[in-house]
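What follows is a set of notes on a single structure, which appears directly below.
The values are calculated or read from the model by the stated rules, or taken from the named source; none is laboratory data. These numbers were taken from a predicted model, which means no experiment stands behind them. Glycine gets a Cβ as well: all are built from the backbone with ideal geometry, and neighbour counts include every protein chain shown. Quick note on the areas: whole protein, heavy atoms, side chains included, nothing else; ligands and nucleic acids left out. Shrake-Rupley method; radii C 1.70, N 1.55, O 1.52, S 1.80 Å.
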Amino acid sequence: MDFMNQAMILAMRAMKHDDVPIGAVIVHNGCIIARGENRVQQKKNPTLHAEIVAINRACKKLGTKFLDDCDIYVSLEPCAMCATAISFARIKNIYFAASDQKGGGITANARVFESDKHLWKPEIHQMPEYADESAKMLRDFFALRRKKSD
């Protein structure tokens with residue numbers, strides 16, 4: 001199964017309820033165990049990023065607070081809040097499509113995992129073959145949002 005493709009589908013779903021198009025899936029033993037899309041606007045809660053939604057669902061499904069045998073696939077580089085939550089959940093690998101120069105918490109801005117003092121550092125993998133699709137979805141979303149506010 002193409003896990004990043006599933007994250008991209010969730011990103012499109014987020015856009016349909018006027019949330020920033022970001023999707024995430026958590027994989028355990030080669031199977032998706034949790035999905036999440038941004039729900040910030042839908043639920044009026046600034047913490048309901050796709051990664052947080054997926055982490056909550058995965059912990060509930062596995063009955064644990066640690067997801068150290070899991071990987072997360074995200075359509076956009078996680079922000080500092082989500083990167084830290086991924087660390088606290090002890091997720092083994094982060095796979096992301098597009099980098100986020102403005103709000104990213106891994107390769108830009110906060111660079112959460114560059115500190116030697118971080119308790120858990122996942123392996124980080126960018127999947128550039130999905131970067132353009134993800135970036136275009138985000139550009140289109142924000143262009144439409146700006147147009148609506150005119």
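Quick look at the numbers
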quantity: Residue in the stretch 130-141 that is most open to solvent (accessible area, probe 1.4 Å), counting only those that are within 18 Å of the chain's Cα centre (by Cα) and free of Cβ contacts under 8 Å to residues at least 60 places away in the same chain; calculated: Arg139
quantity: Sole exception among (1) at pLDDT 90 or above; (2) closer than 19 Å to Leu76 by Cβ; (3) not β-branched (Val, Ile, Thr) for Lys121, by number; calculated: (2)
quantity: Qualifying residue in the stretch 39-46 (condition: farther than 24 Å from Leu138 by Cβ, surrounded by 14 or more Cβ atoms within 10 Å (Cβ to Cβ) and β-branched (Val, Ile, Thr)); calculated: no
quantity: Long-range neighbours under 6 Å by Cβ, at least six apart or interchain, first residue within 26 Å of Gly30 (Cβ to Cβ) within the stretch 92-117, second basic (Lys, Arg) and open to solvent by 60 Å² or more (accessible area, probe 1.4 Å); calculated: Phe113/Lys121
quantity: Qualifying residue in the stretch 45-58 (condition: touching a residue at least 12 places away in the same chain (Cβ under 8 Å), of a type in the set (Lys, Arg) and closer than 21 Å to Asp132 by Cβ); calculated: no
quantity: Verdict on Asp68 being surrounded by fewer than 24 Cβ atoms within 10 Å (Cβ to Cβ), touching a residue at least 12 places away in the same chain (Cβ under 8 Å), within 17 Å of Ala131 (Cβ to Cβ) and not hydroxyl-bearing (Ser, Thr, Tyr); calculated: no
quantity: Only one of Ala89, Ala50 that is within 13 Å of the chain's Cα centre (by Cα) and open to solvent by less than 70 Å² (accessible area, probe 1.4 Å); calculated: Ala50
quantity: Flag if Ala98 is open to solvent by 30 Å² or more (accessible area, probe 1.4 Å), over 23 Å from Lys60 (Cβ atoms) and in contact with a helix residue (DSSP H, G or I) (Cβ under 6 Å, 6 or more places away or on another chain); calculated: no
quantity: Qualifying residues in the stretch 105-117 (those that are open to solvent by less than 50 Å² (accessible area, probe 1.4 Å) and part of a loop (DSSP other than H, G, I, E, B)) - the one farthest from Leu48 (Cα to Cα); calculated: Ala108
